[in-house]
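Okay, so here's the structure we're looking at.
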Amino acid sequence: MKSFRKALTNNRLMRSSAVTGAITASWFLLQTALLTTPGLAQAGRNSLTYGELLRKIDAGQVSRVEVDPTQNVARVRLAGEKKTDAMQEVPLLEQNPELIERIRANDVDFEVQPSPDNSTAVGLLANLLLIFLLIAGLLIILRRSTNAPGQAMNFGKSRARFQMEAKTGVMFDDVAGIEEAKEELQEVVTFLKKPERFTAIGARIPKGVLLVGPPGTGKTLLAKAIAGEAGVPFFSISGSEFVEMFVGVGASRVRDLFKKAKESAPCIIFIDEIDAVGRQRGAGIGGGNDEREQTLNQLLTEMDGFEGNNGIIIIAATNRPDVLDSALLRPGRFDRQITVDLPSYKGRLGILEVHARNKKLAPDISLDAIAQRTPGFSGADLANLLNEAAILTARRRKDAVTPLEVDDAIDRVTIGLTLTPLLDSKKKRLIAYHEVGHALLMTLLEKTDPLDKVTIIPRSGGIGGFAKPLPNEETIDDGLYSRAWLLDRITVFLGGRAAEEEVFGYHEVTKGASGDIRAVADYAREMVTRYGMSDLGPFALESQSSEVFLGRDLMNRSTEYSEEVATKIDHQVRAIVFQCHERARTLLRENRALMDRLVDTLLDQETVEGDQFRQIVAEYTQLPSKHQPAAPSEVSSI
């Protein structure tokens, strides 16, 4: 650090010296220009030469001559010129006896008028000003050199944004969809405003609150709402701002942050993305990051060490709680972990109502229907959905957002941007059969999610078409996938490849089902190795996550089953896939006429909604009860 400060000081001295030298050189050039300017200006006003002046005097054309020995010029007024006219200047020689003789001989009015000489005073003033500038520059250099060590130590100062009363513009009323988290955090606000309500019965508010949840669920928004509701000093900082290149800087910033917080207690410290500094220590191969670990150690000490932090409440947010150090999560530091999960139906409806306040919506738009169609969306996804719908409305020059814009926005957010439709060709017909294969099995099978729409309009990302289901709210929220549901889902995924084989033959199948096949392999393997849904028995053979975190598990990983069991797993996975594939081909073969009818409709319309699709299917076969087409009065519009 000393060498760093010394180099920093020398660098500043060199730069200041260079600047001072440049100022000195520029001043001398300016001084020379100022002193020589009058002579140049005078030369520019000459209209007579010395010889012409003598000839005009002899000719009697000169009425008055004024000689200025200081500038060595003669000012001449010709005969006939008025006294108000400017006199002409003529440069003289060193000796001018003939001029005086001719002036006397021709009886010309003559006078000697020397001009005052200010060059000495100007030069002296310029030199004094230069000396003053040099002294001022040296004083600035000395002052900066004196403060250089203090500036180098500013690396250890906290960069937290501080507000005496956080005016974030966000209140709890502006946060929807996470009522449980709001209720728990309301206690923090109440404690900051009325601590006697808790201390009277011996209760102690948690020192730290950790907000955990997927990205976009509103963790940072909750922290802003707490700051807006509490009305106490608020410090906000990101976890990455603690870590620097120099070892010890992060720990110094932590100390400085808590020192300022103690002076302003009661207050709130909000650390966003705390996983940047709170990762598990000693988890890397060949040693950890000394700077990050020292910063984490200082944070642990400040949160719960020998010196208490009364009145300081720490709120942190992360979407990766699995990588945090266990010492950071224990009671006394982060006493309470609040999960901010994906919103339910009611939560999505509340979020849509919040974000629809400043949107012009058509009367026939139902936010309830949008909430039903968007299970699995986070708060950020829903905000983006309404914003995309508003952008499409403005692009189409409409006055309000209509159901069409909302529908297109959902497809754009979930699938991709719409491209130019394909022309009639073999490729278009093949894609139509592929997507109808998915959609038809989605409609015929009992345990699958109902069809929302099927289209052959291409999308960005190489998507030629898609058959989109309406996800089941209960299935997504609970995660309770039955064996029948998984088998039907695998069958639906294989419907596109099965349709290509039935219509075009095995040798004409395309790679369009590559994504479907990858999903099929994942589902089938999880059924065998994790869910116990095969002939191998009800036990798990693989862990839920096989990711290696920072090398922690790399050296300790071992095979969880023998090679013989691995072979049996492969056989079971193949059996499930082949069984579902054969089932898909059989259903499509038995309904070939229906499939051709649906393909013709899809080629004509390019997009077929779920209800229309089910009505066509109902003309040929009996549908399962959950896939019955809705009556016109029951179809919800958005």
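The values are calculated or read from the model by the stated rules, or taken from the named source; none is laboratory data. Everything numeric here is computed off the predicted structure, so don't read it as measured data. Every residue, glycine as well, gets a Cβ built from its backbone with ideal geometry; the counts of neighbours run over all protein chains shown.
Between a residue in segment 507-528 that is in the same structural domain as Leu494 (by TED's automatic domain parsing) and any residue that is of a type in the set (A, V, I, L, M, F, W, C) and not in a helix (DSSP H, G or I), which pairs come within a Cβ distance under 9 Å, given they are 6 or more apart or on different chains?
From residues that are in the same structural domain as Leu494 (by TED's automatic domain parsing), the pairs are Ala513/Leu494; Asp516/Leu494; Ile517/Leu494; Val520/Leu494; Glu526/Met533; Met527/Met533; Val528/Leu536; Val528/Leu541.
Return yes or no: is Pro469 surrounded by fewer than 21 Cβ atoms within 10 Å (Cβ to Cβ), more than 31 Å from the chain's Cα centre (by Cα) and free of Cβ contacts under 8 Å to residues at least 60 places away in the same chain?
Answer is yes for this residue.
Going by the conditions given, is Ala439 under 23 Å from Gly216 (Cα atoms), crowded, with 22+ Cβ neighbours inside 10 Å, of a type in the set (Gly, Ala, Ser) and at pLDDT 90 or above?
When the stated conditions are applied, Ala439 does not pass them.
Only one residue in Thr420, Thr393 is within 30 Å of Arg592 (Cα to Cα), within 31 Å of the chain's Cα centre (by Cα) and not assigned by TED's automatic domain parsing to the domain that holds Gln612. Which one?
Only one candidate qualifies: Thr420.
Filter segment 310-341 down to residues that are of a type in the set (Val, Ile, Thr) and part of a strand (DSSP E or B) and give me whichever is surrounded by the fewest Cβ atoms within 10 Å (Cβ to Cβ). Show your work before the answer.
Residues of segment 310-341 of a type in the set (Val, Ile, Thr): 312-315, 318, 323, 338-340.
Then keep just the ones that are part of a strand (DSSP E or B); that gives 312-315, 318, 338-339.
On the way: Ile312: 21, Ile313: 24, Ile314: 23, Ile315: 26, Thr318: 21, Ile338: 20, Thr339: 14.
The extreme case among them is Thr339.
Taking the criterion of being at pLDDT below 90, loosely packed, with under 13 Cβ neighbours inside 10 Å and β-branched (Val, Ile, Thr), would at least one residue in segment 557-574 satisfy it?
Taking every residue of segment 557-574 in turn, at least one turns out to be at pLDDT below 90, loosely packed, with under 13 Cβ neighbours inside 10 Å and β-branched (Val, Ile, Thr).
Within segment 265-302, work out how many residues are under 18 Å from Pro233 (Cβ atoms) and at pLDDT 80 or above. Full working, then the answer.
Let us first name the residues in segment 265-302 that are under 18 Å from Pro233 (Cβ atoms), namely 265-272, 302.
Add one more test, that the residue is at pLDDT 80 or above, and what stays is 267-272, 302.
Residues flagged as under 18 Å from Pro233 (Cβ atoms) and at pLDDT 80 or above within segment 265-302 amount to 7.
Out of all the residues in segment 592-613, which are touching a residue at least 24 places away in the same chain (Cβ under 8 Å) and of a type in the set (Ser, Thr, Tyr)?
Thr607 - this is the single residue of segment 592-613 that is touching a residue at least 24 places away in the same chain (Cβ under 8 Å) and of a type in the set (Ser, Thr, Tyr).
Looking only at helices (runs of 4 or more DSSP H) that fall completely inside segment 165-277, which ones have 1 or more residues that are over 20 Å from the mean Cα position of the chain (by Cα) and in contact (Cβ under 8 Å) with a residue 60 or more places away in the chain?
179-193, 219-230, 249-263
Only residues that are modelled with pLDDT of 55 or more and surrounded by 13 or more Cβ atoms within 10 Å (Cβ to Cβ): list them for segment 32-51, please.
Scanning segment 32-51 gives Leu48, Tyr50.
Give segment 126-142 a look and list any residue that's at pLDDT below 85 and of a type in the set (Val, Ile, Thr), or say none.
Ile140, Ile141
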